[in-house]
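Laboratory data are not the source of any read-out in this text; all were calculated from the coordinates shown. Just so you know, these numbers come straight off a predicted model, no measurement behind them. As a convention, Cβ positions derive from the backbone with ideal geometry for all residues, glycine included, and neighbour counts pool all protein chains shown.
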């Protein structure tokens, strides 16, 4: 979808951009109905929805960076493999598992496992550090069965630079990619008297999310032209530091309410932040809530169990009941015995 076709409410897209004079690249994510649908299907406690929403924002930004390689072959089911970005956390905190993934060209889903009693025991000033606790965050790029997966892992902590999802993601780029990165995530509920939830019921409060990511442009991945690379040889580290410091200061000035404002357009927000340094905005990438589960998929999954195991799964009505962890859709299957 072209950036000229963005909805009036500036929802459900990732907008790539560059700050030309400072040689920085960035992504701005604004998620409304898509993120609200994913979160309200599970009726999570607000604190769980907030951290899962942050994971979905990261996945939307990172997943939209994967270039579609247009595979020509098909898998055993006759389908072409799809590009997928997966984020997963495992930790000792009250929210001990998060899984979120992005499937090209913009399908988003996610779920969380948590202990509500432990969450309620936390003080407000402990939430960000203690909600996930200590563990690890894994980010995986899956390009299909014909290629190897790429996975990066970084620690999650309850103190230091790896606190929370944004802290861990920043640490990943700093340590693994050695790429200066700034990430800001915002999640909150927005009041809309005319709104509806994922079940089409009246629903006044809706989740909204906004995220900003800035990175230093490098020659890796074709970001720079040969002329630009040659000019870089004449630049010293002081110039790079000054550019990054200015970008970091400008990016830190953004407020949560600006990232979440349904009236403030993404273009206006980026212009407000970076217009003095020549911000160049590219076409928006559309994001939507979508799950890949299906009745056929459930039947295939049950086929992987033995006859005895399938028999043990059958309930009193003679069927096996399966609920998708991602979208909460319930399936009833009469298995072959």
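Taking 45 Å as R0, compute the FRET efficiency from the Cβ-Cβ separation of residue 159 and residue 336 and round it to 0.05.
Computed FRET efficiency for residue 159 and residue 336 comes out at 0.25.
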(request) Please give the residues of the range 321-337, grouped as numeric ranges, whose backbone N is less than 14 Å from a label point set 7 Å along the Cα-to-Cβ vector of residue 305. (result) 321-324, 331-337
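What ranking, highest mean first, results for peptides 296-309, 104-117 when packing means the other Cβ atoms within 10 Å averaged over each residue?
Values: 296-309: 12.0, 104-117: 18.3.
Averaged packing, sorted descending, gives the order 104-117, 296-309.
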(message) Using Cβ contacts closer than 10 Å as the measure, can you line up 267, 30, 149 from fewest to most?
(response) 149, 267, 30
(request) Could you please state, rounded to a whole Å, how far the C-alpha centre of the range 130-168 is from the C-alpha centre of the range 290-337? (result) 30
(request) Starting from the coordinates of the alpha-carbon atoms of the range 91-176, obtain the Kirkwood hydrodynamic radius over all distinct pairs and give the value in Å to one decimal. (result) 14.2
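Could you sort the peptides 277-288, 122-133 by per-residue average Cβ neighbour count (10 Å cutoff), highest mean leading?
Ranking the peptides 277-288, 122-133 by packing returns 277-288, 122-133.
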